[in-house]
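Encoded as structure tokens, the structure appears first; notes follow it.
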């Protein structure tokens, strides 16, 4: 898996994430993230060779938004690519930036993910993407209660519900340390029973408190060749490897055959080709795409290749807390902030910040040598990143 060139992440910029950024338009909001990334890397737009742009066009209903957004991206006169892959858009942008630099085509690439969801109709975009006849039962929106139901069946109602709420409160405690996070509710563990009982029901046992919101915000990242990275950044976050796995929407339409999830498949393959036999020992932090606390429980088990009730015990013991053995989402995760076109990029960006030692108040209290980040979207599409403190090759 050795690449032509090592690629380092040397600059990261994020806006504040909020339900409504009424104070800025789309280019102005994007400009905030771009300026912050350039400042962190000590670069100007003159140093950027190529700009990547990504969001969910259907959600804001602006066709080819990258043309308008040149005012905020600074891409005028530069090679520019627009990428959209659903919820994985942000992570796909990071993959593409890595390929462009590793190939030698460019030395420095700026990737930008954003969403201003208050200006569109997210559910309308999701439900109108599928064929109205054949896909009507599939594209009902982002909500589903299936994961909650399966975890309750597997581990019992009381234990599963408590674990889901413990996960949710831990993510909020992390978000409280992140001044850019959207949902910072200051939850406490003694509120768990009241939250589980009184939060509005969405689907089945999935309640509002479990679920991510929709956010306005932008994230920008600068990727550079080894030579440029060493010159401009004392501690880059090096890209060791990444993998993308898709499963088409009709995979489960016939029978009840066992299905290997894209999360578990991606983790198995990534770990095997990087010689990782025990991820809990060699990965220092994991920024996981977790649209709800129920999915967070289930998906953490898949990504870490856990069996039985190991993942439930891990959450019950609060081993995923920011100052514990295996920190998960020190930023607060997707439950805290969800600007969809940027959400998966924020996972990679936050993992990189942990390696760079620039995560601020939500920096974990140990040296981060290896970090993992995941993206999710569509009908079980997975992107999984492995970042390192030391240069990979």
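The values are calculated or read from the model by the stated rules, or taken from the named source; none is laboratory data. Because the structure is a prediction, the values reported are computed rather than measured. Cβ coordinates were reconstructed from backbone atoms using ideal geometry, including for glycine residues, and neighbour counts include every protein chain displayed.
Brief remarks on what is shown
- First in segment 201-212 and over 17 Å from residue 157 (Cα atoms), second anywhere and loosely packed, with under 15 Cβ neighbours inside 10 Å and at pLDDT below 90, Cβ under 9 Å, 6 or more apart: 202/143; 208/201; 211/143
Residues checked against (1) in contact with a strand residue (DSSP E or B) (Cβ under 8 Å, 6 or more places away or on another chain); (2) surrounded by 24 or more Cβ atoms within 10 Å (Cβ to Cβ); (3) at pLDDT 95 or above; (4) in a strand (DSSP E or B):
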{"position": "345", "(1), (2), (3), (4)": "yes, yes, yes, no"}
{"position": "348", "(1), (2), (3), (4)": "yes, yes, yes, no"}
{"position": "351", "(1), (2), (3), (4)": "yes, yes, yes, no"}
{"position": "372", "(1), (2), (3), (4)": "yes, yes, yes, yes"}
{"position": "375", "(1), (2), (3), (4)": "yes, yes, yes, yes"}
{"position": "384", "(1), (2), (3), (4)": "yes, yes, yes, yes"}
{"position": "387", "(1), (2), (3), (4)": "yes, yes, yes, yes"}
{"position": "392", "(1), (2), (3), (4)": "yes, no, no, no"}
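- Matching residues in segment 37-53 - criterion: being in contact with a helix residue (DSSP H, G or I) (Cβ under 6 Å, 6 or more places away or on another chain) and either modelled with pLDDT under 95 or over 16 Å from residue 70 (Cα atoms) (or both): 41, 42
- Cβ pairs under 8 Å, 6+ apart, first in segment 91-108 and more than 25 Å from residue 288 (Cα to Cα), second in a helix (DSSP H, G or I): 106/100; 107/101; 107/227; 107/228; 108/47; 108/101; 108/228
- Being over 15 Å from residue 315 (Cβ atoms) and touching a helix residue (DSSP H, G or I) at 6+ places or on another chain (Cβ under 9 Å) holds for only one residue in 153, 157, and it is 153.
- Test: residue in segment 247-263 that is touching a strand residue (DSSP E or B) at 6+ places or on another chain (Cβ under 9 Å) and assigned to a strand (DSSP E or B): no
- As a summary of the residue check, residue 64 satisfies the conditions (1) surrounded by fewer than 18 Cβ atoms within 10 Å (Cβ to Cβ); (2) modelled with pLDDT under 95; (3) closer than 21 Å to residue 351 by Cα except for the one numbered (3).
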